[in-house]
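Before any comments, here is the structure.
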Amino acid sequence: QKEVEQDPGPLSVPEGAIVSLNCTYSNSAFQYFMWYRQYSRKGPELLMYTYSSGNKEDGRFTAQVDKSSKYISLFIRDSQPSDSATYLCAMSAATGGGNKLTFGTGTQLKVEL
Amino acid sequence: DAGITQSPRHKVTETGTPVTLRCHQTENHRYMYWYRQDPGHGLRLIHYSYGVKDTDKGEVSDGYSVSRSKTEDFLLTLESATSSQTSVYFCAISGGLAKGSTDTQYFGPGTRLTVL
């Protein structure tokens, strides 16, 4: 069993929909949680960074962490075609120098007109 | 891409040949990483560096070596390429801030390597 599980999709939604992307994990030591967005044939770009449990909002994006359930989510409101990409969750047990990230396999999202 | 370039961007090579991929950063970040990305596996860490001439192994280091002689350059070498090393390779950097500070990794554009 992988340390981080993520549904690969593809997930197809109409423009304007609310999108929910999720990851589950097994390592209770994980404390730092990230969401990366990766467009086709590009490198991943950091979208959201959260520490421990709770919510964090940035524009149309909300990251949610539930450590008791070992479950993290990324919500995208008013989804746009430009949100079409693969979304990767990542997490680590420590921060500071050289923290090693464990990634999910990514969920492919397509937002259709 | 946070001042990170990778070269070459695409390469096709034959089994048994040596291959070197280069990562160059202009951010003066202390930490540099090499990942490979494969369908069904996501991003997996190959090697990382925490300073000039200081490197360590990651999750999938067999068949790979690295070197870092300057802060800005991190080289990944496949001594004798195999078909199982066909992948997309990403370099990442991070600032390596003090303990307790956030330390996020920023990725380069990737190198697509095909080993025939």
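Residue-by-condition table, conditions (1) touching a Lys or Arg at 6+ places or on another chain (Cβ under 9 Å); (2) within 13 Å of another protein chain (Cβ to nearest Cβ); (3) at negative phi:
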position: A:Lys2; (1), (2), (3): no, yes, yes
position: A:Ser12; (1), (2), (3): yes, no, yes
position: A:Glu45; (1), (2), (3): yes, yes, yes
position: A:Ser52; (1), (2), (3): yes, yes, no
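For region A:58-98, what are the residues that are hydrophobic (A, V, I, L, M, F, W, C) and either within 14 Å of chain B (Cβ to nearest Cβ) or over 17 Å from A:Arg37 (Cα atoms) (or both)?
Once the filter is applied, which keeps residues that are hydrophobic (A, V, I, L, M, F, W, C) and either within 14 Å of chain B (Cβ to nearest Cβ) or over 17 Å from A:Arg37 (Cα atoms) (or both), region A:58-98 yields A:Ala63, A:Val65, A:Ala85, A:Leu88, A:Cys89, A:Ala90, A:Met91, A:Ala93, A:Ala94.
Can you name every residue in region A:39-63 that is buried (at least 20 other Cβ atoms within 10 Å of the Cβ) and more than 11 Å from the chain's Cα centre (by Cα)?
A:Gly43, A:Pro44
Which residues, counting only those in region A:13-39, are modelled with pLDDT of 95 or more and of a type in the set (S, T, N, Q)?
Once the filter is applied, which keeps residues that are modelled with pLDDT of 95 or more and of a type in the set (S, T, N, Q), region A:13-39 yields A:Ser20, A:Asn22, A:Thr24, A:Ser26, A:Gln38.
Just to confirm my filter: which strands (runs of 3 or more DSSP E) fall fully inside region B:29-116 and include at least 1 residues that are under 19 Å from A:Glu45 (Cα atoms)?
Counting at least 1 such residues, we get B:31-38, B:42-51, B:87-94, B:111-115.
Inside region A:99-113, can you point out the residues that are touching a residue at least 24 places away in the same chain (Cβ under 8 Å), in a loop (DSSP other than H, G, I, E, B) and within 11 Å of another protein chain (Cβ to nearest Cβ)?
The answer is A:Asn99, A:Leu101, A:Gly104, A:Thr105, A:Gly106.
Condition check: within 25 Å of B:Ile93 (Cβ to Cβ), open to solvent by 20 Å² or more (accessible area, probe 1.4 Å) and β-branched (Val, Ile, Thr). Does A:Thr102 satisfy that?
Yes.
When you look at A:Ser53, is it in contact with a strand residue (DSSP E or B) (Cβ under 6 Å, 6 or more places away or on another chain) and modelled with pLDDT of 95 or more, yes or no?
no
Which ones in region B:33-59 are touching a residue at least 24 places away in the same chain (Cβ under 8 Å) and at the interface with another protein chain (Cβ under 10 Å from one of its Cβ atoms)?
Selection gives B:Tyr33, B:Tyr35, B:Gln37, B:Asp38, B:Leu43, B:Ser49, B:Tyr50, B:Gly58.
Checking the structure you have, find out if any residue of region A:77-95 is buried (at least 17 other Cβ atoms within 10 Å of the Cβ) and over 26 Å from B:Ile4 (Cα atoms).
Yes: region A:77-95 contains one or more residues that are buried (at least 17 other Cβ atoms within 10 Å of the Cβ) and over 26 Å from B:Ile4 (Cα atoms).
The values are calculated or read from the model by the stated rules, or taken from the named source; none is laboratory data. All of these numbers come straight from a predicted model, not from anything done at the bench. FYI the Cβ positions are ideal-geometry reconstructions off the backbone, even for glycines, and counts take in every protein chain you see. Keep in mind that these areas ignore ligands, DNA and RNA; they rest on the heavy atoms of the full protein, side chains included. Shrake-Rupley method; radii C 1.70, N 1.55, O 1.52, S 1.80 Å.
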